[in-house]
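Everything on this sheet refers to the single structure shown next.
The values are calculated or read from the model by the stated rules, or taken from the named source; none is laboratory data. Just so it is clear, the structure is predicted and the values come from calculations on it, not from any experiment. Positions of Cβ are backbone-derived with ideal geometry, glycine not excepted, and every protein chain shown enters the neighbour counts.
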Amino acid sequence: MVDISIIMGSESDRPIANRAITVLEKSKYTYEVMVISAHRNPDELDNYISSTDAKVFITIAGLSAALPGVVASRTKRPVVGVPVSAKLGGLDALLSIAQMPPGVPVGSVGIDNGANGAYLALRILDLIDPSKP
C-alpha cells in the first residue's frame, strides 16, 4: 500500500522528483516513483492509475505538461501538478497545468517546485487521516 504516487513524464524530470522525495522521506507517509509518459505510454499510464492504491498523485511534467490533466481525467483522487522549466522558463507547463477544463481539477505549485508539491500532498493526506501523527 502506498499513500503518494509521484509520476514523472520522463527521466529528465528526476531532479524535480528528488525535491519531492526529500520532503516525503521526512514524513509518515509512503510513496513510490514512476516514469510514465502520457504521450508515449498512455495504456501503461491508464493501467497504473487504475491499479495503484495511492491516495494522492504528484505529477511532474514540462513542455505541454499533459500528464497532470490526463491523470486527473482518469481518477477522482487529488492530483498535484509540478510544472518543469523545460522550455519558455516553464510558463508553458505552468499554464497547461493551471488551465484544466471544468471537472478535471489539478492543484498546481510553482515551476520546478517539487518540494511544495510534496508539502501539498502531505496536507491533503493529513486531512484524510488526521490520526497519523
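Results, tabulated for the structure shown:
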| quantity | calculated |
| --- | --- |
| Odd one out for residue 10 among (1) under 25 Å from residue 95 (Cα atoms); (2) touching a residue at least 60 places away in the same chain (Cβ under 8 Å); (3) surrounded by 17 or more Cβ atoms within 10 Å (Cβ to Cβ); (4) of a type outside the set (A, V, I, L, M) | (2) |
| Residue selected from the range 77-93 under the condition in a loop (DSSP other than H, G, I, E, B) and in contact (Cβ under 8 Å) with a residue 40 or more places away in the chain, by the criterion nearest to residue 53 (Cα to Cα) | 78 |
| Hits in the range 13-27 (condition: surrounded by fewer than 17 Cβ atoms within 10 Å (Cβ to Cβ) and either within 20 Å of residue 63 (Cα to Cα) or touching a Leu at 6+ places or on another chain (Cβ under 7 Å) (or both)) | 14, 15, 18 |
| Boolean, residue 30 is among the β-branched types (Val, Ile, Thr), more than 12 Å from residue 4 (Cβ to Cβ), surrounded by fewer than 19 Cβ atoms within 10 Å (Cβ to Cβ) and out of contact with any Gly (no Cβ under 6 Å at 6 or more places or on another chain) | no |
| Lone qualifier among 103, 114, 89 - being in contact with a Lys or Arg (Cβ under 7 Å, 6 or more places away or on another chain) and of a type in the set (Gly, Ala, Ser) | 114 |
| Residue 124 being touching a Gly at 6+ places or on another chain (Cβ under 9 Å), within 18 Å of residue 28 (Cβ to Cβ) and either free of Cβ contacts under 8 Å to residues at least 12 places away in the same chain or assigned to a helix (DSSP H, G or I) (or both) | yes |
| Evaluation of residue 131 against (1) modelled with pLDDT of 95 or more; (2) of a type in the set (Gly, Ala, Ser); (3) out of contact with any Ser or Thr (no Cβ under 6 Å at 6 or more places or on another chain) (one fails), failing number | (1) |
| Answer residue from the range 103-121, given it is farther than 17 Å from residue 54 by Cα and assigned to a helix (DSSP H, G or I) and is nearest to the chain's Cα centre (by Cα) among those | 114 |
| Residue match in the range 125-132 (condition: in contact with a helix residue (DSSP H, G or I) (Cβ under 9 Å, 6 or more places away or on another chain) and buried (at least 22 other Cβ atoms within 10 Å of the Cβ)) | no |
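Here's the yes/no breakdown for (1) at pLDDT below 95; (2) crowded, with 19+ Cβ neighbours inside 10 Å:
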| residue | (1), (2) |
| --- | --- |
| 43 | no, no |
| 50 | no, no |
| 58 | no, yes |
| 65 | yes, yes |
| 69 | no, yes |
| 72 | no, yes |
| 75 | no, no |
